[in-house]
1. Subtract the Cα-Cα distance of A:ASP5 and A:ASN333 from 0.36 nm times their separation in residues, and report this length gain in nm to one decimal.
2. Please order A:MET49, A:MET374, A:MET297, A:MET91 by the number of other Cβ within 10 Å, starting at the fewest.
3. Work out, step by step, the length gained on full extension between B:ALA278 and B:PHE182: first 0.36 nm times the residue separation, then minus their alpha carbon distance; give nm to one decimal.
4. Please give, to one decimal in nm, the separation of the simple spin-label points placed at B:PHE70 and B:SER93, each 7 Å out from Cα toward the Cβ.
5. List B:ILE285, A:ILE133 from most exposed to least, where exposure is judged by having the fewest other Cβ atoms within 10 Å.
6. Treat every Asp and Glu Cβ in the range A:4-247 as -1 and every Lys and Arg Cβ as +1, leave all other atoms uncharged, and give the resulting dipole magnitude about the Cα centre to the nearest 20 debye.
7. Can you give the convex hull volume per residue for the Cα atoms of the range A:116-227, as a whole number of Å³?
8. Name the most mobile residue of A:ALA239, A:ALA17, A:ALA336, meaning the one with the largest mean-square fluctuation, in a Gaussian network model of chain A with Cα contacts below 10 Å.
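Values quoted throughout were computed directly from the atomic coordinates according to the rules given, and no laboratory measurement underlies them. Please read these numbers as outputs of a predicted model, since none were measured by experiment. Backbone-built Cβ (ideal geometry, glycine too); neighbour counts: all protein chains shown.
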Amino acid sequence: MREVDMLTGNVAAAWAARIADVDYIPAYPITPQTEIIETLASWISQGLMKAKLVQLESEHSMLTAAGTASLSGARVFTATSSQGLLYGFEMLYNIAGWRAPLVLVNVSRAVAAPITLEPDHNDVLAARDSGFIQLHAEKCQEVLDLILIAYRVAEDHRVMLPVIVNMDGFYLSFTREPVYIPSKTDVEEFLPPYNPPHPFRAGRPVVKGAAVLGGHIYAYFKHNIHESLLRAGDVFKEAAAGFREVTGRFHSPVEGFLLDDAEYVLVVTNSFTSIARKAVVRLREKGVPAGLVKLVMLRPFPSSDIMEKLRGRKAVAVFDQNISPGLGGVIYNEVAAALYHVKNRPETLLSAIGGVGGKYTTVEEFEHVFHMLMHPEKTQPGKPVFLFRADELAHVQTALRLAGYTGEET
Amino acid sequence: MLVLRAFHKVLGPNVVFVNAAGCLTLLQVYPYTPNKSSWMYTAFASAPAGAQGIRDALDILMEKGRVNSFEDLKVVVVTGDGAAYDIGLQSTSGAIERGLDFYYLVYDNEAYGNTGFQKSGATPYGSATATTPPTERNPTGYTGVKKDLFEIWRSHKPPYIATVAPSHMVDMLRKIETASQFKGPKLFIAFSSCPTGWGFDPSLSVRISRLAVECGIWPLKESVYGKVRHTYIPTVLKPVEEYLRHQNRFRHLFTPRKQETAIASIQEQVNNYWLEAAKNEGFRITVAKPVTIAPP
């Protein structure tokens, strides 16, 4: 095994594309993703990697080229963030409908307005209904591992769907962590070459993206995508087992932490999971039976794994780093739906919204969420709790005061 | 349709057509196709980017030895004017600037025909469309200027650009043949009448096309590495009225009262165009007189 490298999430993503031997990288710059395409461009121009990188004129074009190249038989990698993901949004649905098994890394960044650079998950969760598989990373190592697993799942002929691998901007994209890079032979053993069904070739004409007339044919195709996406859950588990054989590292759609006897459980995703873990450890030290569930896979939504891990718990909170205005947390509602049919479901299901726009969430805030679980009588059922500290409010007020705002209309 | 057949005829069957939303999209309705070549429907705004992905994939896979050169395809973008002049212009601009080796065929019917004939960037001055209806307050219909896509493309310096018309098939076939020698963007704008939107009997299609050329409304020309040459010179221009009066979209210019100023302005634009071209290329042309406008 190679020595461990200190890599940012972005460079880890680039390494994954390199060792997956991708053929084609359509690109377009956007913070905080740009380091990925710059790294790949530099490797290709030095001859370290045999692939074609083309910079398009927008994310919409980038995603279009990504899709058609994938249908032509190339293994395709691309990356974007936030506004870019939304600018190319209609193509996400197309790529899934075309059954183009490419991998798109989304480096999460909150969506304007107001325009900002720091992460939350409104960008990636907006794509949840597109037909992409979604895998969310907590650490830089996971970024690399999940991309490799993503190709194997996407290109499996039982699936044939694209994957978004999500990492948080700044917290992962620009943070160096120890990352093991698997050897080329290990990757070759795990990831067979892409075998595209009916690519565009002379002498074998095909039509792709044909129109349909009538809801019955449209519904037939949509149902096919749904079935394949559900199958992707099992194919992921197979792929993860294969990945463990060659690398020794294990990944599952839903991960538990100190769950065995846990009565109070927090459900989290992405990089803030690491902060939440610390809160769980602190509470355990104080004798509180706290535990944590991390969702790695958001699509297909791992309902049965969630049911199994949360049944019988006293109280559960879902931490959403996103907000669907007028509803609340996106993942909370999905978890609630999954738990509805569980007989001994938790009595309390709390929604906590924090980290929006990259706002840091402290260990103490996560501990506070657990305290609310221990005293549910002080919360309002179904009403989300917004994590916003007094010192943060004071910062806002100071900024307004410095700008001359007195709170009175002039 | 005639133009698409011409492309098929000259380029052969080893072609992938890359399409954006338009009338031709419904040529293939799952699970049928009338084409002997491949077809990729992309999205309204990004057919040239779709062509980029296919071309690049074939190139890198040939380079890596995973596709044989005899499996290679010619990539042809085919869209209407809505995609070419408006929503997909950015994508086309990018593809030309990158030197993508592809053909682009626009079938220009001067409006969004598929959705019921709304105005596009290709709609000419004076045309009635569903979104520029002539009324008492606005008797002219569309009052803007048709974009000069030929010159927009030419500013990108691609190896080959041509305008074609179905009434001049030999000219068209020769141009497709000529274009096939060049590597890089090869761009065609095809006069494509729309009987329902323009309001004339479909049996007159070729005649309308011929009138467009003879009246000087639709110049047939090509640009090779930026040098423009008119491939057919209507030595004595017919008055534009002859072209306009056959179509319902221009009917308001003639009835209930004739809009002399509007018609004269169309004639003047055509005349100026040809006088300039004649000067640049050194040919002789007799323009048609603008209608004399009676003093108020």
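1. Fully extending the segment from A:ASP5 to A:ASN333 adds 114.2 nm.
2. Fewest-to-most ranking of A:MET49, A:MET374, A:MET297, A:MET91: A:MET374, A:MET49, A:MET297, A:MET91.
3. Numbers: separation 96, 0.36 × 96 = 34.56 nm, distance 2.71 nm.
Computed gain between B:ALA278 and B:PHE182 is 31.9 nm.
4. 4.3
5. Numbers: B:ILE285 18, A:ILE133 26.
The fewest-first ordering by Cβ neighbours comes to B:ILE285, A:ILE133.
6. Values: 19 positive and 26 negative charges, 166 e Å.
For the range A:4-247, the charge dipole is close to 800 debye.
7. Details: hull volume 18.8 nm³, N = 112.
Taking only Cα atoms, the range A:116-227 has a hull volume of 168 Å³ per residue.
8. The residue with the greatest mean-square fluctuation here is A:ALA336.
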